[in-house]
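The values are calculated or read from the model by the stated rules, or taken from the named source; none is laboratory data. Everything numeric here is computed off the predicted structure, so don't read it as measured data. Here the Cβ positions follow ideal geometry from the backbone for every residue, glycine too, while neighbour counts run over all protein chains shown.
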Amino acid sequence: MESKHSQEKLSAYLDAELDAADHAQVEAHLSGCGECAEALAQLQALRGRVAAEAQRHAAPEYLKHRIHAALRAEPAHKPAPRPSPRAWPWAWINLGLAGAMTAAFAVTLTLYLGQPSADDRVEQELVASHFRSLMPDHLADVASTDQHTVKPWFAGKLDYSPPVYDLAAQGYALIGGRLDYLQQRPVAALAYRHRLHIVNLYIWPDTGSHASAPQAGVRQGFHLLRWTQDGMRYSAVSDINPQDLAQFAALLRQKVAQADAQ
């Protein structure tokens, strides 16, 4: 794909409006094109600024005073306007101001409602990363079914130690781990296999939040479960059915709780 065609699709890609084929094509192009990756970063930054800084502005009060002053400054020999027509200009001015305020409010409201929420942005990043991992040679930087091999691999690569558990006995075999980038920071990504399906588990610190139960979501045909436990944020993404993904999360939460109790 040429950069020109890729950049024409960046807005739709950012809004998760592309079909699976176009999404994969843009993803593949972004991984090897710095120009398009920079253009995407600029769009993300613009979206963030509009969401954070867009405000509603009232019409300035000084406008009325300036018009009064201009009328008072007219030459004295001009006939004074009659009282009845005098009200009409102000009526039209007020109507114009009201229309301008309404239009400004409508534009601001449209921009605000068009911005994805924080949860939407997280889910978009998670699904994009999961989809990217399914490409050849993207699933694991360290391929191993041994949790004692995968966990030490992250040492020195992250500023925290992610919990790693093999759940092969319960039907969720550890495949390996890799570094990924979410929420503007590097995170640990663990890959599991359940029958013919891949489950990606993302883990990063979140010491400012209390423990929370898994929150389910669906995006672009993938199921998501996100929860916080023991100072860490966990996000699981897969195309398995919701019941199997919930079982995976329950097994993992149990392992974490047992380790914390020891």
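Residue under question is TYR192, and the condition is that it be modelled with pLDDT of 95 or more, touching a helix residue (DSSP H, G or I) at 6+ places or on another chain (Cβ under 9 Å), farther than 26 Å from GLN44 by Cβ and assigned to a strand (DSSP E or B); does it hold? Spelling it out, TYR192 is indeed modelled with pLDDT of 95 or more, touching a helix residue (DSSP H, G or I) at 6+ places or on another chain (Cβ under 9 Å), farther than 26 Å from GLN44 by Cβ and assigned to a strand (DSSP E or B). Within the range 177-185, is there a residue that is of a type in the set (Gly, Ala, Ser) and either in the same structural domain as ALA45 (by TED's automatic domain parsing) or in contact with a Ser or Thr (Cβ under 7 Å, 6 or more places away or on another chain) (or both)? Looking through the range 177-185, none of the residues is of a type in the set (Gly, Ala, Ser) and either in the same structural domain as ALA45 (by TED's automatic domain parsing) or in contact with a Ser or Thr (Cβ under 7 Å, 6 or more places away or on another chain) (or both). Every condition in (1) surrounded by fewer than 16 Cβ atoms within 10 Å (Cβ to Cβ); (2) free of Cβ contacts under 8 Å to residues at least 60 places away in the same chain; (3) out of contact with any Pro (no Cβ under 8 Å at 6 or more places or on another chain) holds for GLY231 except the one numbered (3). Only one of the numbered conditions (1) surrounded by 14 or more Cβ atoms within 10 Å (Cβ to Cβ); (2) over 16 Å from the mean Cα position of the chain (by Cα); (3) at pLDDT 80 or above; (4) of a type in the set (Gly, Ala, Ser) is not met by ALA59, and that is (3). Yes or no: PRO116 surrounded by 14 or more Cβ atoms within 10 Å (Cβ to Cβ), modelled with pLDDT under 80 and under 26 Å from the mean Cα position of the chain (by Cα)? Judged against the criteria, PRO116 is a match. For the range 147-176, a residue qualifies if it is within 22 Å of MET232 (Cα to Cα), exposed (fewer than 14 other Cβ atoms within 10 Å of the Cβ) and over 27 Å from the mean Cα position of the chain (by Cα), and the qualifying residues are HIS148, PRO152, ALA155, GLY156.
Considered as a group, the residues in the range 234-256 that are crowded, with 21+ Cβ neighbours inside 10 Å and touching a residue at least 60 places away in the same chain (Cβ under 8 Å) include one that is nearest to LEU182 (Cα to Cα), and that residue is SER235. For the range 14-26: of the residues being modelled with pLDDT of 80 or more and surrounded by 16 or more Cβ atoms within 10 Å (Cβ to Cβ), which is farthest from SER133 (Cα to Cα)? Only one residue fits best here, namely LEU18.
Residues satisfying the criterion are present in the range 177-187 (criterion: in contact (Cβ under 8 Å) with a residue 60 or more places away in the chain and under 20 Å from the mean Cα position of the chain (by Cα)). Looking at VAL199, VAL237, VAL218, just one residue is within 16 Å of the chain's Cα centre (by Cα) and within 24 Å of TYR160 (Cβ to Cβ), and that residue is VAL237.
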